[in-house]
Every structure is written in C-alpha cells, then in structure tokens.
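Trainee: Quick one: the structure is below, questions incoming.
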Amino acid sequence: MDYSKLTLAYWCVLAAGLLPYLSAYIGKAGGFGLRDNQEPRQWLGRQQGWRARAMAAQANGFEGLPLFIGAVLLAHQLGYDQARLDLFALAYVILRTAYIGIYIAGMGSLRSAVWALAFVVNIGIFFIGV
C-alpha cells in the first residue's frame, strides 16, 4: 500500500474511527474485570458518573462517524480543495477529542456546544467546494 496517497483527511477518518474505542477504554479502565466480560451489557447498565459518561461518549462517537466518513469520501471524490478539506477534517477530530473529555467531566452545556460545533464542521465538509 502506498501510504503517500493517504491525505490528512483520510488519516482523520482513521483517528475519528478510533476515538469511540478510546472512550470505551477510559470508561472501562480499572473498573472492568474478566468476569464483567461475560456479560458486558449488564456491567454497562450498572455504571454511573464518569464511567457511564465515557461509555455514552463511545456510543455518540459511533453515531456520528458515518456522516464524517461520508463527507470526507464525497469531498475527495468531488475533488474539493485538499487543504480546506484537511483543515475541516482535523478540526472535526480535535473537536470530537475535546468532546470526549468534556463529556467525561460532566460539563453538559459545554459538551452540547462542542458537539454542535463539530456537527457544523462536519456538514461544512459537504460545502467547502461550493
């Protein structure tokens, strides 16, 4: 594989795809044992506080991922300006990374604002070629 063909935006797709797993790792770290792996959904149902929020951030990360992947692929296919696409994609990943920390910290209003900003950036990818 020729990695030189992977644009920053493509690397951002990979990063965004890994962020939900990071959220799950944080949520499970030090509180998820071998026995919990037998029935992980029951373990999840018992979680509260920051662990529950980390796992919710994981779910939200997976929910937003298809739109981001689609936007980046479409932008590449249509030949949108690569520098602008890279900037938007990187902004999305940075915002989503901040979103995880803010979500886990329990700052609901700020979390919603960062989510909305990341959503707007994601939608913006569709229109950077206009």
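Trainee: Rounding to the nearest 20 debye, state how big the charge dipole of the chain is about its Cα centre with +1 on each Lys and Arg Cβ and -1 on each Asp and Glu Cβ.
Mentor: 460 debye
Trainee: Now a separate question. For the chain, with every protein chain kept in place, what is the accessible area per residue (1.4 Å probe, Å²)?
Mentor: Working: 7670 Å² over 130 residues.
In whole numbers, the chain has 59 Å² accessible per residue.
Trainee: Rounded to two decimals, what is Rg over Rh for segment 66-115 when you use alpha-carbon atoms and the Kirkwood radius? Write down the numbers at each step before the final one.
Mentor: Values: Rg = 13.3 Å, Rh = 12.0 Å.
Using Cα coordinates only, the ratio equals 1.11.
Trainee: Once the cut-off is 14 Å, how many percent of the Cα-Cα pairs in segment 1-50 end up in the long-distance tail? Before the final figure, lay out each step's value.
Mentor: On the way: 781 of 1225 pairs.
Distances greater than 14 Å cover 64 percent of the Cα pairs.
Trainee: Given Cβ point charges of +1 (Lys, Arg) and -1 (Asp, Glu) and nothing else, what value in debye, to the nearest 20, does the dipole of segment 21-66 about its Cα centre take?
Mentor: On the way: 6 positive and 3 negative charges, 30 e Å.
I would put it at about 140 debye.
Trainee: Roughly how many percent of the accessible protein surface of the chain is carbon and sulfur, given a 1.4 Å probe and a whole-percent answer? Write out the running numbers ahead of the final one.
Mentor: On the way: 4920 of 7670 Å².
The C+S portion of the solvent-accessible surface of the chain is 64 percent.
Trainee: In nanometres, what is the gap between the two model label sites at A113 and F62, each 7 Å from Cα along Cα-to-Cβ?
Mentor: Going by the 7 Å Cα→Cβ label model, 3.0 nm.
Trainee: For Cα pairs less than 8 Å apart in space and 6+ apart in sequence, what is the mean separation divided by the residue count of the chain, i.e. the relative contact order in percent?
Mentor: Rounded, it is 32 percent for the chain.
Trainee: Turning to a different aspect of this structure: Taking the mean number of other Cβ atoms within 10 Å as a proxy for protection, how do you rank 72-83, 36-47 from highest to lowest? Intermediate values should be presented prior to the final figure.
Mentor: Working: 72-83: 14.5, 36-47: 11.9.
Result, highest mean first: 72-83, 36-47.
Trainee: Using only the C-alpha atoms of the chain, find the volume of their convex hull and express it per residue in Å³.
Mentor: Numbers: hull volume 15.0 nm³, N = 130.
Convex hull of Cα atoms, per residue: 116 Å³.
The values are calculated or read from the model by the stated rules, or taken from the named source; none is laboratory data. Computed from a prediction, not measured in an experiment: that's the story for all the values here. Every residue, glycine among them, receives a Cβ derived from its backbone with ideal geometry; neighbour counts consider all protein chains shown. Accessible surface areas use protein heavy atoms only, side chains included; no ligands, DNA or RNA. Shrake-Rupley method; radii C 1.70, N 1.55, O 1.52, S 1.80 Å.
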